[in-house]
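Quick notes on the structure that follows.
The values are calculated or read from the model by the stated rules, or taken from the named source; none is laboratory data. Since we're looking at a predicted model, the values are computed, not measured. Cβ placement follows ideal geometry from the backbone for every residue including glycine, while neighbour counts extend to all protein chains displayed. Just so you know, the surface numbers come from the protein's heavy atoms only, side chains and all, with ligands and any DNA or RNA stripped out. Shrake-Rupley method; radii C 1.70, N 1.55, O 1.52, S 1.80 Å.
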Amino acid sequence: MESLTEDGLTVIYDEEKEIITLDWNEDTHPQYNFLADLTQEQLSEMIIGYCNDYLNKHSEEITKAGEDCSAL
């Protein structure tokens, strides 16, 4: 199980159960309250969209890093 806390949002990933859990304090970090209204499908689509955007934006850097590692 892995977890990361940043800017008041804790993301916990349980590899065995393949579950992502998000936790935050609704009073001190209300900017995350919209997450509670998302279905699992909507949240998955949002995360996949962010990942795809990141990969598209950084694809050249990622490809170069992969080429550098393959030389090892």
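Go ahead and set up a Gaussian network model of the chain, Cα springs under 10 Å, then flag whichever of Ile47, Ile62, Ile20 fluctuates most.
Ranking Ile47, Ile62, Ile20 by mean-square fluctuation puts Ile62 first.
For region 10-60, which GluC sites (Glu not before Pro) are in a loop by DSSP, counting at most 12 other Cβ atoms within 10 Å?
Working: sites: Glu15, Glu16, Glu18, Glu26, Glu41, Glu45, Glu60; in loops: Glu15, Glu16, Glu18, Glu26.
When the GluC sites (Glu not before Pro) of region 10-60 are filtered for loop state and at most 12 Cβ neighbours within 10 Å, Glu15, Glu16, Glu18, Glu26 remain.
In square angstrom, what is the accessible area per residue of the chain with a 1.4 angstrom probe? Could you put the intermediate results ahead of the total?
On the way: 6260 Å² over 72 residues.
For the chain, the per-residue accessible area is 87 Å².
What is the helix-to-structure angle for 40-57, meaning the angle in degrees between its Cα long axis and the longest Cα principal axis of the chain, kept from 0 to 90 and rounded to the nearest 10?
Rounded to the nearest ten degrees, it is 30.
For the chain, take the longest principal axis of its alpha carbons; what is the angle in degrees between that and the long axis of helix 59-70, to the nearest 10 within 0 to 90?
60
Using a/c under 1.5 as the rounded threshold, could you call the chain rounded, prolate or oblate? The axes a ≥ b ≥ c are square roots of the C-alpha gyration tensor eigenvalues, and prolate needs a/b larger than b/c, oblate otherwise.
Since a/c reaches 1.5 and a/b is larger than b/c, the shape of the chain is classed as prolate.
With all protein chains present, how much of the accessible area of the chain (probe radius 1.4 Å) comes from carbon and sulfur, to the nearest whole percent? Write out the running numbers ahead of the final one.
Numbers: 3230 of 6260 Å².
About 52 percent, which is the carbon plus sulfur part of the accessible surface.
Could you give each residue of region 4-21 its phi-based ³J(HN,Hα) in whole Hz, using Karplus coefficients 6.51, -1.76, 1.60 with θ = phi - 60°, and x for Gly or Pro?
Listing the rounded values in order: 9, 10, 8, 6, x, 10, 9, 10, 10, 10, 9, 5, 4, 8, 6, 10, 9, 10 Hz.
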